[in-house]
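*Asks:* For reference, the structure I am asking about is given below.
The values are calculated or read from the model by the stated rules, or taken from the named source; none is laboratory data. Given the structure is predicted, the values throughout are model-derived calculations rather than measurements. Here the Cβ is made from the backbone with ideal geometry for all residues, glycine too, and neighbour counts use every protein chain on show. Quick note on the areas: whole protein, heavy atoms, side chains included, nothing else; ligands and nucleic acids left out. Shrake-Rupley method; radii C 1.70, N 1.55, O 1.52, S 1.80 Å.
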Amino acid sequence: LALYEAKRLGKNLYRFFTPALEERLLNQYRLQHEFIAALREHIPVLYFQPQVDITTGHLRSLEALLRWPRADGQIWAPGAYFPVIEQDTDLMRRLDLYVLDQARAAIRHLAGEGIRVPIAVNIHSRHLLHPDFLKDIQTVLKEDPGIASSLEIEITESSELPDLALAGEILGECHALGLAIALDDFGTGYASLNYLQKLPCDILKIDKSFVSDMGEDPRDFAIVSGILTAARVLHLTTVAEGIEQPEQGLLLRDLGCQYGQGYAISKPLPLDAVVHWLHGWRPPDLWRRRPAAADA
Ligand code: C2E
Ligand code: MG
Ligand code: MG
Ligand code: MG
């Protein structure tokens, strides 16, 4: 197996093949297979994180985030295993299909509770560019016609999109099917503005790395402000990620950002907990004490 991997990675690597590398490849291989088995047994679950209007507190959407409960009681966030899963396009596609299916079930469950809210699903760029991507989306929509208006897809622009023209065409088709499209982690990729120019999208999600320091760092403040100005001109919806302090919500609001997501609002929660959260949710006192700049 290790020999096979080494060959697959290229002949040059063969020379550098060491026991440490062999061990690492073996661990990767084990993890991938463990994940395949977990998908088959429906072990990974979706958590949901609310995106709310930072002026009114009104719920806009729920972002689905995958969690993998482990035998030892830990719950793994994607950072713990994505680097290994991502190496295998087919596996990444299976993961996305699993998530789309779970998201569909969640939309139906919420509708049963009288809650109509879109669910945003992260799509890996490798899956987006896969020849069967549109077929995959159509299959999901066929299961539950009418669901398209409740489904958003988030594309991370920091993950490479080698063929922007193709990505643009595919996203255009998604639009035609009725899905809303968000550019995730906006501002972190080296090609942000290029993406903005070439890809059809409805929503810009400002990366949390800019939001976390915008109160102290004038550069981050300027970048957020610039993104919001561009979004306004292009009539795009804006969502700020990673709002941990209520003060950040106020700053963003004053700059014209309409929606936010982050620990100050809610952590990602299991479906039942998010329904519970929704019934008890009130915007932070600070937001309610100070009216929005536009109303003042
Ligand atoms: P993302 O789409 O940008 O998701 C936001 C991440 O920020 C989530 O991490 C969320 O838990 C975290 N977060 C939310 N609010 C805050 C905050 O106030 N402060 C901080 N420090 N973090 C916050 P998570 O769940 O670990 O996901 C990481 C990334 O993995 C996601 O980034 C997304 O790119 C990817 N991902 C997650 N679930 C899926 C999935 O189902 N499919 C695919 N293809 N990718 C996924
Ligand atoms: Mg996302
Ligand atoms: Mg993001
Ligand atoms: Mg992010």
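*Asks:* Inside region 124-157, can you point out the residues that are within 16 Å of ligand 4 (Cβ to nearest atom) and under 24 Å from residue 60 (Cα atoms)? Walk me through how you get there before you give the answer.
*Replies:* Just the residues of region 124-157 that are within 16 Å of ligand 4 (Cβ to nearest atom), to begin with: 124-125, 152-157.
Hits for region 124-157 are 124, 152, 153, 154, 155, 156, 157.
*Asks:* Mind checking whether some residue in region 163-179 is part of a strand (DSSP E or B) and either within 14 Å of the chain's Cα centre (by Cα) or crowded, with 20+ Cβ neighbours inside 10 Å (or both)? Walk me through it before giving the result.
*Replies:* Start the filter on region 163-179 by keeping residues that are part of a strand (DSSP E or B), which leaves none.
No, region 163-179 contains no residue that is part of a strand (DSSP E or B) and either within 14 Å of the chain's Cα centre (by Cα) or crowded, with 20+ Cβ neighbours inside 10 Å (or both).
*Asks:* Within region 186-208, does at least one residue satisfy the condition of being open to solvent by 30 Å² or more (accessible area, probe 1.4 Å), within 16 Å of ligand 2 (Cβ to nearest atom) and not β-branched (Val, Ile, Thr)?
*Replies:* Taking every residue of region 186-208 in turn, at least one turns out to be open to solvent by 30 Å² or more (accessible area, probe 1.4 Å), within 16 Å of ligand 2 (Cβ to nearest atom) and not β-branched (Val, Ile, Thr).
*Asks:* Which of (1) surrounded by 14 or more Cβ atoms within 10 Å (Cβ to Cβ); (2) outside any helix (DSSP H, G or I); (3) under 22 Å from the mean Cα position of the chain (by Cα) does residue 231 not meet, given it meets every other one?
*Replies:* Just one mismatch for residue 231, condition (2).
*Asks:* Being under 18 Å from the mean Cα position of the chain (by Cα), in contact (Cβ under 8 Å) with a residue 12 or more places away in the chain and within 22 Å of residue 97 (Cβ to Cβ) is true for just one of 147, 203, 153. Which residue is that? Steps first, please.
*Replies:* Numbers: 147 fails: under 18 Å from the mean Cα position of the chain (by Cα); 203 fails: within 22 Å of residue 97 (Cβ to Cβ).
When all the criteria are applied, what remains is 153.
*Asks:* Another question, then. Looking at region 90-102, I want the residues that are open to solvent by less than 10 Å² (accessible area, probe 1.4 Å) and have a partner that is more than 8 Å from ligand 1 (Cβ to nearest atom) and of a type in the set (S, T, N, Q) with Cβ atoms under 7 Å, at least 6 apart or on another chain. Which pairs are those?
*Replies:* Cβ pairs passing all conditions: 91/32.
*Asks:* Is it fair to say residue 250 is away from ligand 2 (no atom under 16 Å from the Cβ), touching a residue at least 40 places away in the same chain (Cβ under 8 Å) and either among the aromatic types (Phe, Trp, Tyr) or out of contact with any helix residue (DSSP H, G or I) (no Cβ under 6 Å at 6 or more places or on another chain) (or both)?
*Replies:* On the way: away from ligand 2 (no atom under 16 Å from the Cβ): yes; touching a residue at least 40 places away in the same chain (Cβ under 8 Å): yes; either among the aromatic types (Phe, Trp, Tyr) or out of contact with any helix residue (DSSP H, G or I) (no Cβ under 6 Å at 6 or more places or on another chain) (or both): yes.
Taking the combined requirement at face value, the residue satisfies it.
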